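**Q** Sending over a structure as structure tokens; questions will come in a sec.
The values are calculated or read from the model by the stated rules, or taken from the named source; none is laboratory data. Since we're looking at a predicted model, the values are computed, not measured. Areas reflect the complete protein model, heavy atoms only, side chains present, ligands, DNA and RNA absent. Shrake-Rupley method; radii C 1.70, N 1.55, O 1.52, S 1.80 Å.
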Amino acid sequence: MEKTFTIGTKKFVLDEDKAEQAFAAKRVINGWETMTFNLLPLKYHWAYELYSTMKRNHWEPEDIPMQKDIEQWQSDNQLSESERWIIRMGIGYFSAAEGIVGDNVLHVVRELVTAPELKLVLGRHAHEENIHADSLLYMISSLGINPHECEAMFEQIPTIRRKNEFVTGVSRALRRDLDMKDPESKKLLAKNIFVFGQCMEGTQFYGLFGMILSLYRQNKFPGIGQMFRYTLRDESNHIEVFRNLFMDLIEENSEIWTPDFREELTDLMREAVALEKEFIRDCLPVNTVGLSADEFDRYIDYIADRRLEGVGLSPLNVGVANPFPWLAELMDINKEQNFFEGRVTDYQKQSALAMAPDDEL
Ligand code: FE
Ligand code: MN
């Protein structure tokens, strides 16, 4: 018996028995693994859909002009010391953080999951971390910041080091031979996916994102701000990838979803929030125009609670309102018609052309 499967505009005819067998063997972990990348039939549709969205969002750092940023950076009177410090912290922190995320995606999570469509979207995720790392190189070279200074920040600033240790610990825990049928190993993976997706990319990235976009809103660092907006749009997809992965992992391995484990995860988020608040004090030692550390604390509380709710956990606070409603709008760049000037639009056009022959089949 033959059966037709559809993915977007593409159609495939598969042998029904073989397709059902392949489908039944697909699991987040401990599934059937072959050397062939058998995407069909799709089981985790969200993974393929997010992969397609991420592909459409493609951008390249060099497409964004940095002239204005360079001019501001070099001038004596256009910036305050605290504004310069935020940019240094942003570049210093993300230079290494992007690499840590990409490395964990590729060498831990993508290694352990077994369904090909999950590997597909995780490959794209890792690639986007490369783009982010590359965009930071572009900022460093444009502004003429010494790269060693950025590396040193990651080791010498205690609040950055603590954020780093918090995430690398859950990554290291999985870098050895583990029996993934053992519930303790499954918990280590669930913890990793939760910490990287919801605590780090989902919460600890948002302090600096907010500060840099607040400067951008005041027409400071337009190039850097624009790159961070693209990055943020990518991050929101990464958070979604890891959230879905987490939910499916738990659904297929529900024995680990115990009250104790839920409490452990909630405690990890509590720790992530505390680390982020310490870090915010380092970024904003004095309040500057439009930037108050107290408001950023509240913002982090607000974001962290949304992340917890997203994976079915109770929030840490009751009814914290978003202190920065303008930020949500700046983050939602899909709304803007003319934001993608230049090549980003071209990538989209090219992929639309590439799709055309398929449509006619
Ligand atoms: Fe990133
Ligand atoms: Mn990311």
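**Q** Indicate the gyration tensor shape class of segment 1-119 (rounded, prolate or oblate), computed on the Cα atoms with a ≥ b ≥ c the square roots of the eigenvalues: a/c under 1.5 is rounded; otherwise a/b larger than b/c is prolate and the rest oblate.
**A** Here segment 1-119 falls in the prolate category.
**Q** Using only Cα atoms, locate the centre of segment 132-151 and the centre of segment 63-85, then give the distance between them in Å, rounded to an integer.
**A** 14
**Q** Quick one: with all protein chains in place, what share of the accessible area of the chain is carbon or sulfur, to the nearest percent (1.4 Å probe)? Walk me through the intermediate numbers first.
**A** Details: 8450 of 16810 Å².
Result for the chain: 50 percent of the exposed heavy-atom area is carbon or sulfur.
**Q** Of the residues Glu201, Glu151, Glu235, which exhibits the maximal mean-square fluctuation in a Gaussian network model of the chain defined by a 10 Å Cα contact cut-off?
**A** Between Glu201, Glu151, Glu235, it is Glu151 that shows the largest mean-square fluctuation.
**Q** Beyond 20 Å between alpha-carbons counts as too far, so tell me which of Lys26/Lys181; Lys11/Lys43; Lys55/Lys119; Lys68/Lys163; Lys10/Lys55 fall in that bin. Walk me through the intermediate numbers first.
**A** Values: Lys26/Lys181 15 Å; Lys11/Lys43 16 Å; Lys55/Lys119 15 Å; Lys68/Lys163 32 Å; Lys10/Lys55 17 Å.
Where the Cα-Cα span goes over 20 Å, the pairs concerned are Lys68/Lys163.
**Q** In whole angstrom, note down how far apart the Cα centers of segment 17-31 and segment 182-218 are.
**A** Between the Cα centre of segment 17-31 and that of segment 182-218, the gap is 31 Å.
**Q** Taking the alpha-carbon distance from Lys18 and a cut-off under 19 Å, which aspartates and glutamates remain once sequence neighbours fewer than 8 residues away in the same chain are dropped?
**A** The qualifying aspartates and glutamates are Glu2, Glu33, Glu117.
**Q** Measuring with a 1.4 Å probe in the full set of protein chains, what accessible area per residue, in whole Å², belongs to the chain?
**A** Spelled out: the 1.4 Å probe surface of the chain, per residue, equals 47 Å².
**Q** Next up: Name the most mobile residue of Val318, Val121, Val241, meaning the one with the largest mean-square fluctuation, in a Gaussian network model of the chain with Cα contacts below 10 Å.
**A** Val318
**Q** Continuing with this model, one more query. Ignoring everything except DSSP H segments at least 4 long, calculate the 222 nm mean residue ellipticity for the chain; use -39,500 (n - 2.57) per segment, divide by total residues, nearest 500. Show your work: numbers first, answer last.
**A** Numbers: 14 runs with 229 residues, N = 361.
Mean residue ellipticity at 222 nm (helix-derived): -21000 deg cm²/dmol.
**Q** What is segment 2-334's relative contact order, in percent, from Cα pairs under 8 angstrom and six or more apart in sequence? All intermediate terms of the calculation are to be shown ahead of the outcome.
**A** Values: 385 pairs, mean separation 66.5, N = 333.
Across segment 2-334, relative contact order equals 20 percent.
**Q** Right, next: What shape does segment 241-285 take by its C-alpha gyration tensor, where a ≥ b ≥ c are the square roots of the eigenvalues and a/c under 1.5 counts as rounded, a/b above b/c as prolate, and the rest as oblate?
**A** It comes out oblate by the Cα gyration axes.
**Q** I'd like the accessible area for Arg88, computed on protein heavy atoms only with a 1.4 Å probe and all protein chains in place. Round to 10 Å², please.
**A** The value for Arg88 is about 70 Å².
**Q** Could you pull the Cα extents of segment 82-136 along its three principal axes, largest to smallest, in whole Å?
**A** Between the extreme Cα coordinates on each principal axis of segment 82-136 lie 47, 16, 12 Å.
**Q** Taking just the C-alpha trace of the chain, give me its Rg and Dmax in Å.
**A** When restricted to Cα atoms, the chain yields Rg and Dmax of 21.5, 75 Å.
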